[in-house]
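Every number in this text was worked out from the coordinates using simple rules, so none of it is lab data. Nothing here was measured: the structure is a model prediction, and the numbers come from that model. Here the Cβ is made from the backbone with ideal geometry for all residues, glycine too, and neighbour counts use every protein chain on show.
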Amino acid sequence: GAVVSQHPSWVICKSGTSVKIECRSLDFQATTMFWYRQFPKQSLMLMATSNEGSKATYEQGVEKDKFLINHASLTLSTLTVTSAHPEDSSFYICSATRLGEGTDTQYFGPGTRLTVL
Amino acid sequence: AQSVTQLGSHVSVSEGALVLLRCNYSSSVPPYLFWYVQYPNQGLQLLLKYTTGATLVKGINGFEAEFKKSETSFHLTKPSAHMSDAAEYFCAVSDDFGNEKLTFGTGTRLTIIP
């Protein structure tokens with residue numbers, strides 16, 4: 001159990017368009033979901049933390065108006081990259097903590113590769 | 001602020017040999033420490049974690065890690081490497097005040113030589 005999926009797994013878009021990435025906990029209810037960004041040969045950088053029904057908490061330096069996060073249910077969080085530019089190209093990974101479990105364990109999705117042309 | 005350093009972005013070992021992946025951390029408070037593994041096109045999977053108690057932690061797939069406070073280290077080991085161990089390994093830290101936020105190292109790619 002504790003499977004997290006992401007859709008799409010990869011996406012290519014034109015500069016100036018918006019892209020939505022979905023993160024779903026398939027077999028559990030998630031108390032908290034996290035969004036990370038990973039550059040090539042670099043570590044995962046936390047972008048934001050979200051709880052169902054609440055506004056996301058963004059890390060310092062992350063533009064909340066550019067990276068819109070919606071956490072509408074206990075199993076779904078979405079990240080929308082608005083007016084994407086080539087510098088937004090990256091690997092985006094989500095994770096979730098499971099309701100009823102300690103908050104020190106996160107279950108990760110497989111990631112979404114975004115390429116902005 | 002916390003930080004994690006993984007020495008060696010790429011480690012190669014022969015099948016059957018000892019695997020040693022290094023991780024050092026800095027934290028102003030007693031940390032929680034984690035090792036995650038990422039196989040190609042898959043999400044990160046928790047190998048093991050240290051929160052409190054015994055400093056030698058055993059994880060899945062025969063891996064273990066030892067928390068050494070004096071050395072601020074949490075190195076990952078496995079006595080005998082298998083081909084299936086080839087993957088990317090990430091060390092991570094969070095503080096122990098119930099903070100869910102993880103700070104990751106840059107990862108180590110493990111290659112197994114037949």
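Solvent-free Debye calculation, one equal scatterer per alpha-carbon of the range B:48-114: log10 I(q)/I(0) at 0.15, 0.18 Å⁻¹ equals -0.56, -0.78. Expressed per residue, the C-alpha convex hull volume of the protein assembly as shown stands at 123 Å³. Shielding value for A:104-114 is 5, the average number of Cβ atoms from other chains within 10 Å of each residue's Cβ. What the Cβ-Cβ distance of A:T82 and A:S9 gives, at R0 = 30 Å and to the nearest 0.05, is a FRET efficiency of 0.90. Label-to-label distance for A:N51 and B:T52 is 2.2 nm, based on points extended 7 Å past Cα in the beta-carbon direction. In plain terms, the chain from A:Q60 to A:F91 could stretch by 9.3 nm, reckoned as 0.36 nm per residue minus the Cα-Cα distance. Mark the label point 7 Å from the Cα of B:T72 along Cα→Cβ and return the residues of the range B:1-30 whose backbone N is within less than 16 Å of it. Once the point is set 7 Å along Cα→Cβ of B:T72, B:1-7, B:23-30 turn out to lie under 16 Å by backbone N, inside the range B:1-30.
What share of Cα pairs, in percent, lie more than 25 angstrom apart in the range A:4-117? Of all Cα-Cα distances in the range A:4-117, 15 percent exceed 25 Å. Take chain A, connect every pair of alpha-carbon atoms lying under 10 Å apart with a spring to form a Gaussian network, then pick out the residue of A:S25, A:S95, A:S15 with the largest mean-square fluctuation. Ranking A:S25, A:S95, A:S15 by mean-square fluctuation puts A:S15 first.
Our analysis of chain B gives Rg over Rh at 0.96, with the two radii drawn from alpha carbon positions and Rh computed by the Kirkwood formula.
Shown for A:M47, B:M83, A:M33: other C-beta atoms within 10 Å of each C-beta, ranked fewest to most, produce the order B:M83, A:M47, A:M33.
With Cα atoms defining each centre, the range B:56-76 and the range A:40-106 are spaced 29 Å apart in the structure. Projected label points at A:T115 and A:K41, each 7 Å from Cα along the beta carbon direction, are separated by 1.9 nanometres. When the Gaussian network model of chain A links Cα atoms closer than 10 Å, the mean-square fluctuations of A:Q60, A:Q29, A:Q38 top out at A:Q60.
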